[in-house]
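Notes follow the structure.
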Amino acid sequence: MRIVYFDCSARTAALAEREPAFFEGIEIHASDPKDEADTIARLAGADVAINGHSYMPAPVLEALAPTLKRIVFLGTGAATYVDMEAAARLGISVEVCRDYGSRTIAEFAFGMLLDSARQISKMDRGMRAGMWPVLGGPELKGKTLGVVGLGGIGREMARIGVAFGMNVLAWNRSPPKEELPVEMVSLETLFEQSLAVSLHVATTPETIGMIGADLLDRMPKGAILVNVARGELVDQDALCAALTNGPLGHAALDVFPMEPLPSDDPIRDFDNVTLTAHAAWNTPDAGRRLLEIGVGLARMSFGKDTHQ
């Protein structure tokens, strides 16, 4: 069985040098492919591909299908990088690494909420520009946090909110897998009653653009939206309108419809927005767990078809 990690990052390549047994039996390419032809060349004859962050469209999969049986995506959003319909048609299973960073990402999301509520980043920008901006915001204890999606990250976000003394409302497409200290409500009620809303749902045809004007306009004046899930969940025109005219007071965004975020994207011009570069997952703890899960999946036998 030939396993190829075809777009290994420099940091992971350094780990492979320090701990060669960690990637024993796995062929590593310590750079990003230059183009689709390079991806095909690296994976020619491979049984399993480990994909860190590279797009694999239908032509690439078709070229590799004679031997490629499985793709292990190092993350949860495989559909953003792999043509899932083509993979299914060609009999290539696509597996993802779940729950490697649930606590890491939830901590980041709550950090963005704290930053937004007290305008910390805005004061920092003002100070660096030579000003003395004494800004404020609400204490979070006793306020309502709305959590959209109760997967691993959403559940951790709910627990952190409760630990901070917040009342937590939640919405999920199906009943939660475990008992949580939250009140399950409709999506409309959640947006109407929450000082802050944090998004934690996956990108599917049903969720793309699900957060539009109809929900944003229901939020209390000065409310906060946190998105560490996927940029495609939010209607960007509606978001800009809600930031310009209200009721949205602040948005904290770690993800965007196009990444890296284009230099001319209008969201960069808003003073009431905090922007980070899809970094919520990025801790050594989560990175190690991600690789452990991904390498373990790659070494599994072919007997389990786990399309995601």
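The values are calculated or read from the model by the stated rules, or taken from the named source; none is laboratory data. Note that the structure is a prediction, hence the values are computed from the model and not measured. In this analysis, Cβ positions are derived from the backbone assuming ideal geometry, glycine residues included, and neighbour counts consider all displayed protein chains. The accessibility values were calculated without ligands, DNA or RNA, using every heavy atom of the protein model including side chains. Shrake-Rupley method; radii C 1.70, N 1.55, O 1.52, S 1.80 Å.
Pick from Leu233, Leu253: which is within 17 Å of the chain's Cα centre (by Cα), within 23 Å of Gly136 (Cα to Cα) and of a type outside the set (Val, Ile, Thr)?
Leu253
Looking at region 74-84, which of its residues are open to solvent by less than 50 Å² (accessible area, probe 1.4 Å) and in contact (Cβ under 8 Å) with a residue 60 or more places away in the chain?
Leu74, Gly75, Gly77, Ala78, Met84 - these are the residues of region 74-84 that are open to solvent by less than 50 Å² (accessible area, probe 1.4 Å) and in contact (Cβ under 8 Å) with a residue 60 or more places away in the chain.
Could you check region 89-201 for strands (runs of 3 or more DSSP E) lying wholly inside it with 3 or more residues that are open to solvent by less than 40 Å² (accessible area, probe 1.4 Å) and out of contact with any Gly (no Cβ under 8 Å at 6 or more places or on another chain)?
Ranges flagged: 93-96.
Within region 138-155, how many residues turn out to be in contact with a His (Cβ under 9 Å, 6 or more places away or on another chain) and at negative phi?
8
Condition (residue is over 20 Å from Gly287 (Cβ atoms), in a helix (DSSP H, G or I) and of a type in the set (D, E, K, R)) applied to region 7-30: is it met by at least one residue?
Among the residues of region 7-30, not one is over 20 Å from Gly287 (Cβ atoms), in a helix (DSSP H, G or I) and of a type in the set (D, E, K, R), which makes the answer no.
Out of all the residues in region 28-53, which are more than 24 Å from the chain's Cα centre (by Cα) and open to solvent by 60 Å² or more (accessible area, probe 1.4 Å)?
Across region 28-53, the qualifying residues are Lys34, Asp35, Glu36, Ala37, Ala41.
What number of residues within region 31-45 satisfy the criterion of being among the aliphatic types (A, V, I, L, M) and outside any helix (DSSP H, G or I)?
Residues in region 31-45 being among the aliphatic types (A, V, I, L, M) and outside any helix (DSSP H, G or I): 1 in total.
State all residues of region 48-66 that are touching a residue at least 60 places away in the same chain (Cβ under 8 Å) and touching a Lys or Arg at 6+ places or on another chain (Cβ under 8 Å); if no residue qualifies, say none.
Selection gives Val48 alone.
If you take the residues in region 251-270 that are over 19 Å from Gly209 (Cα atoms) and in contact with a strand residue (DSSP E or B) (Cβ under 9 Å, 6 or more places away or on another chain), which one is surrounded by the most Cβ atoms within 10 Å (Cβ to Cβ)?
Step by step, filter region 251-270, then rank; the result is Phe270.
Could you tell me which of the residues Ala117, Ala44, Ala78 is at pLDDT 95 or above and over 30 Å from Ala163 (Cβ atoms)?
After ruling out the rest, the residue left standing is Ala44.
Looking at Ala280 and the list (1) over 20 Å from the mean Cα position of the chain (by Cα); (2) at pLDDT 95 or above, which single condition is not satisfied?
So Ala280 meets the others, but not (1).
Can you name the number of the only condition in (1) hydrophobic (A, V, I, L, M, F, W, C); (2) more than 21 Å from the chain's Cα centre (by Cα); (3) closer than 30 Å to Gly149 by Cα that Ala63 fails?
Every listed condition holds for Ala63 apart from (3).
When you go through Leu239, Leu225, Leu243, Leu261 one by one, which is the residue that is part of a strand (DSSP E or B) and closer than 14 Å to Leu275 by Cβ?
Unique residue meeting the criteria: Leu225.
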